[in-house]
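Take a look at the structure set out below.
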Amino acid sequence: MKHIPLHRIIAICAVIPLVLVAMAQDDVEVTVEVPGTLQEQLLMIEPNARNEVTKLKVNGNIDGNDMMFIRELCGVKNISTPIEGKLTHLDLTDAFITSTDKPYISVYGTDFTTQDDIFGCCFLYNCRQLQSVMLPHTILGVDSFALASCSGLKSLELPVNINYIGYGALIGCDSLESLVVPNAVDSIATGAFQKMAALRELTLGDGITDIDNSLIMGDDSLRVINVGTHFKNYHPVVFYTATALEEVNVTYTNPYLTSEDGVVFTYNKETLLTFPPASKFSNYQVPDGVKRIGHSAFYGAKGLKAVSMPETLTVIDSLAFFNCLALQNIQLGTKTDSIAFGAFGVIPGSELAPSTSILIPPTVSSIEEGAFFCNNKAIVVDSDNSVYASDENGFLYDKQMTSLCCAPAPTSFTLPSTVTTIGAYALAGCQLPSLFVNDNITTLGNEAFAYATGLASLSLGSGLTHLGDMLVLGCNSLKAVYLFTEKFDDENVAEYAFLDDEGSVLEQCTLYVKPGLADYYFMKRGFFSEEYETFFFADIQEMENPDGIRPVIGSAKGAARYFSVDGKRQQGARSGLNIIRLPEGKSVKRFFK
């Protein structure tokens, strides 16, 4: 027997594992002539296919049995049960999907079977180790969740013949950086491309005319969207939920829309439709000729600090500049006529850039309620405006100063005696710890004090006759509401006047009413809900003295000390809720009109 030196044996042994690894990585190609026989044919070629095959090309006719086996090779059985498969690269370019009655997967009791030329529902759902997939070139559609949660997928080319993409088809494909939708596709269902964490560029082919408003929700890395010839309809939420979006580019052959520097307009450039949330512009000049800023056009533009409007602009639509938190300088055009709901509003509790004023030119004739929802910027109305007026506090009124339209972030709250109405959303986001609505006020609009999160005490004068819906929506610090009105006519009280944001009782808030009225308000419309069968407050109590006068006897009068509800020392009692510290050390709460 020939002697082999030890060092050569060691060298040979060292090579063997490398050879085995190389064999496991080699491409395996199988042609399936009879549908349903992929497993049989592959195991003949590679008996340990489940443990060794990482790259597979399948040709010929495949059915549900074959798709079930491919899922096993990908290391997942049913929806999520992990098994031994190692497949990372799958090429089905020359495969033909055929119908079969045998299910390839069962999802929550529902069996799914193959259809001719359709990449079926949940075909590769949750195949997380797949890195690349080449789909059959003959398929006509990619069905719901067909590739959902393929989080390792880095390469995917959609075949040119497909005409639809189903619900959630690629949701959770976290490693795909780009995606091109072919021109033949004319339908993309809800959430097809949601939560694709690495997606940076999305191109929509010429066949797409509109897209669902949740198509790309959660795609926080998406920078660029390109749209084709027939694209014309979309809800603006499609774009503003992509918070990293820098540009939307419209092909020059599109007869409905156009784009300039990534900003989208109608083709005639009379309406600005979309300013991407992460646009490169911090100071933006709306082009001359634009007449309208569209619904949600600048919504959430996080880097926008200044915007100037052209002389041609007349309309600022709802939510046009909503939640533009860095926006400081706003220059409206001298022909601006109307400002819609939420146009310059913000999400309650948002941290805003240093406050500057919003100047309202003489031409503005319509400002919808809630146009400046929760915004802290003072409003200054040109004295020549015939519809609106403002005061030294930056409060907005109608011209006659009978209605308060908006009171941005007041540090104190005193209204002219002419004011009888506090309009809808007028004090939304207010941070005052207490508010006293005087006896001149007859009407409170819907959500008049909504999201006044610092508000602990609200006092409503005796002149009230009309109450709107959800007056204290989101006022999560509110502890007491003092009501000095005797009674209301049912038709003048909204059904959910004191409904809170959870649709339930204001759990820490007590309603104080005049003596003898507790039973009346306990079952009163707006204070009690027949639908919820509950009183909207945690408790109801009758005031000891509805005028807030409590005599102090003897030397206690001079020794009592007064504090506001936020603990600040006062010189005597003030309107609203007071904390009084008596000489003997006892503290009491008293309301003074």
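The values are calculated or read from the model by the stated rules, or taken from the named source; none is laboratory data. Given the structure is predicted, the values throughout are model-derived calculations rather than measurements. Note: ideal-geometry Cβ built from the backbone for every residue, glycine included; neighbour counts use all protein chains shown. In case anyone asks, the SASA skips ligands and DNA or RNA and just uses the protein heavy atoms, side chains included. Shrake-Rupley method; radii C 1.70, N 1.55, O 1.52, S 1.80 Å.
In the set (1) open to solvent by 30 Å² or more (accessible area, probe 1.4 Å); (2) in a strand (DSSP E or B), the condition left unmet by I225 is number (1). Taking the criterion of being touching a Leu at 6+ places or on another chain (Cβ under 7 Å) and buried (at least 20 other Cβ atoms within 10 Å of the Cβ), the residues of the stretch 389-414 that qualify are S390, F395, Y397, L404, C405, C406, A407. Within the stretch 85-121, which residues are open to solvent by less than 40 Å² (accessible area, probe 1.4 Å) and without any contact (Cβ under 8 Å) to a residue 12 or more places away in the chain? Hits for the stretch 85-121: nothing passes. Report the residue count in the stretch 463-496 for those that are in a loop (DSSP other than H, G, I, E, B) and under 17 Å from L577 (Cβ atoms). So the count comes out to 6. Within the stretch 313-331, the residues that satisfy the criterion of being crowded, with 17+ Cβ neighbours inside 10 Å and in a strand (DSSP E or B) are V315, I316, I330.
The numbered conditions (1) in contact with a helix residue (DSSP H, G or I) (Cβ under 9 Å, 6 or more places away or on another chain); (2) part of a loop (DSSP other than H, G, I, E, B) are all true for T138 except (1).
Annotation: of all residues in the stretch 201-215 being part of a strand (DSSP E or B) and modelled with pLDDT under 95, the one that is surrounded by the most Cβ atoms within 10 Å (Cβ to Cβ) is I211.
Filtering the stretch 491-517 to residues that are modelled with pLDDT under 90 and of a type in the set (A, V, I, L, M) leaves L499, V505, L506. For the stretch 182-200, the condition of being polar (S, T, N, Q), at negative phi, under 23 Å from the mean Cα position of the chain (by Cα) and not in a strand (DSSP E or B) holds for at least one residue. Among the residues of this structure, T453 counts as one that is modelled with pLDDT under 95 and in a loop (DSSP other than H, G, I, E, B). Being at pLDDT 95 or above, of a type outside the set (K, R) and open to solvent by less than 10 Å² (accessible area, probe 1.4 Å) is a property that L124 has. Return the residue satisfying two criteria in turn: it lies in the stretch 257-269 and is within 20 Å of L245 (Cβ to Cβ) and not aliphatic (A, V, I, L, M), and of such residues it is most open to solvent (accessible area, probe 1.4 Å). If we take residues in the stretch 257-269 being within 20 Å of L245 (Cβ to Cβ) and not aliphatic (A, V, I, L, M), then D261 is most open to solvent (accessible area, probe 1.4 Å). Among the residues here, N59 qualifies as modelled with pLDDT of 95 or more, touching an Asp or Glu at 6+ places or on another chain (Cβ under 8 Å) and surrounded by fewer than 18 Cβ atoms within 10 Å (Cβ to Cβ).
Of all residue pairs spaced 6 or more apart or on separate chains, those with beta-carbon atoms under 6 Å, a first member in the stretch 176-199 that is without any contact (Cβ under 8 Å) to a residue 60 or more places away in the chain and a second member that is open to solvent by 30 Å² or more (accessible area, probe 1.4 Å) and in a strand (DSSP E or B) are S178/E201; V180/T203; S187/Y164.
Of all the criteria given as (1) open to solvent by 30 Å² or more (accessible area, probe 1.4 Å); (2) modelled with pLDDT of 95 or more; (3) hydrophobic (A, V, I, L, M, F, W, C), the one not satisfied by I347 is (2). If you go through the stretch 332-344 and keep only what is over 25 Å from G445 (Cβ atoms) and either surrounded by fewer than 17 Cβ atoms within 10 Å (Cβ to Cβ) or among the β-branched types (V, I, T) (or both), you end up with T334, K335. With respect to the stated conditions, G558 is in a helix (DSSP H, G or I) and modelled with pLDDT under 75.
Taking the stretch 62-84 as the range and being open to solvent by 40 Å² or more (accessible area, probe 1.4 Å), under 22 Å from S149 (Cβ atoms) and not charged (D, E, K, R) as the test, the residues that pass are M68, N78, S80, T81, P82, I83.
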